[in-house]
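Undergrad: Take this structure first; my questions come after.
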Amino acid sequence: MIATTELTSQKTDLMWEANDLGLDIEVIKVDITDPLDLEQIEKYDFDVFVANAAINERGPLGEVPMDRFRALFEVNVFATLATAQIAARKMVEKGSGKIVFMSSISGIVASPYNGAYAATKHAIEAIAHALKAELQGFGVKVATINPGAFKTGFNDRAAEELWKWYDEKKNFTRKEDIKKAEEGLRNQFDPEDLIAKLVEIIPADQHKFRVAYPQQTEKQMKQEEQKGWEMDI
């Protein structure tokens with residue numbers, strides 16, 4: 001098993017933890033926006049590739065600074081596809097393999113002040129759908145995993161970033177509206193449950209193309225898709 005981290009400091013911490021648990025894991029540092037780090041992926045043989053890297057930042061789409069919007073797409077879409085292309089070439093060559101995109105409930109549900117992140121995950125959904133059809137003739141499987149909001153710190157950090165540029169004296173979006181939307185982050189799921197689900201799904205030979213977790217997240221995603229056909233402007 002090969003695990004990757006974005007930073008070298010994270011690599012050291014993960015290596016120590018894996019060693020303490022007696023796990024046979026090779027840890028490498030891969031910043032997917034760094035071409036030299038991407039070359040590291042080419043050196044390894046693997047049967048399953050999980051495209052998990054992502055960043056997030058909340059904020060109103062009508063006012064989010066474009067450099068911050070582009071940064072999300074650079075990591076979550078462009079660099080992510082670049083890594084998936086490396087995996088696809090290697091798997092097509094040997095005629096088997098599986099690529100798993102870590103999508104999100106936001107791949108279907110675009111909630112207020114989370115639109116930038118949702119836009120990147122909507123793009124990942126399209127990429128995964130198209131890639132699945134393109135690679136199935138080569139024996140390569142493609143799937144997505146769509147978690148709900150889990151308390152890993154990822155969502156909380158995304159909420160904090162907004163306040164680095166938002167100024168209620170300059171921005172038209174009401175601060176109270178943003179704060180109200182953030183209340184939903186108080187009730188996030190236990191990440192241990194998600195970890196167990198990932199351990200089950202990632203190595204499995206057969207499962208649904210899209211795995212949404214937990215069940216209420218799947219229900220919410222399906223309701224949101226239906227709502228799109230019924231809502232008025």
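Undergrad: Please go through the range 142-189 and give me each residue that is assigned to a strand (DSSP E or B) and touching a Leu at 6+ places or on another chain (Cβ under 8 Å), ordered by number.
TA: Answer for the range 142-189, where residues must be assigned to a strand (DSSP E or B) and touching a Leu at 6+ places or on another chain (Cβ under 8 Å): 142, 145, 147, 150.
Undergrad: Can you tell me which residue is surrounded by the most Cβ atoms within 10 Å (Cβ to Cβ) among those in the range 159-186 that are touching a residue at least 24 places away in the same chain (Cβ under 8 Å) and farther than 14 Å from residue 61 by Cβ?
TA: 159
Undergrad: Another one. Has the range 115-130 got at least one residue that is within 19 Å of residue 60 (Cβ to Cβ), within 19 Å of the chain's Cα centre (by Cα) and without any contact (Cβ under 8 Å) to a residue 24 or more places away in the chain?
TA: Yes.
Undergrad: Just give me the residues in the range 31-52 being surrounded by fewer than 19 Cβ atoms within 10 Å (Cβ to Cβ), touching a strand residue (DSSP E or B) at 6+ places or on another chain (Cβ under 8 Å), free of Cβ contacts under 8 Å to residues at least 60 places away in the same chain and not hydroxyl-bearing (Ser, Thr, Tyr), in sequence order.
TA: 37, 40, 46, 47, 52
Undergrad: Looking at the range 106-122, which of its residues are farther than 16 Å from residue 52 by Cβ and not in a loop (DSSP other than H, G, I, E, B)?
TA: 115, 116, 118, 119, 122
Residue-wise test of (1) polar (S, T, N, Q); (2) in contact with a Lys or Arg (Cβ under 9 Å, 6 or more places away or on another chain); (3) modelled with pLDDT under 95.
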residue: 54; (1), (2), (3): no, yes, no
residue: 62; (1), (2), (3): no, no, no
residue: 69; (1), (2), (3): no, no, no
residue: 75; (1), (2), (3): no, no, no
residue: 79; (1), (2), (3): no, no, no
residue: 95; (1), (2), (3): no, no, no
residue: 104; (1), (2), (3): yes, yes, no
residue: 118; (1), (2), (3): no, no, no
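Undergrad: Find the helices (runs of 4 or more DSSP H) located wholly in the range 1-94 whose residues include 2 or more that are farther than 29 Å from residue 205 by Cα, and list them.
TA: 8-20, 35-42, 66-73
The values are calculated or read from the model by the stated rules, or taken from the named source; none is laboratory data. Everything numeric here is computed off the predicted structure, so don't read it as measured data. All Cβ positions, even for glycine, are placed from backbone atoms using ideal geometry, and neighbour counts span all protein chains on display.
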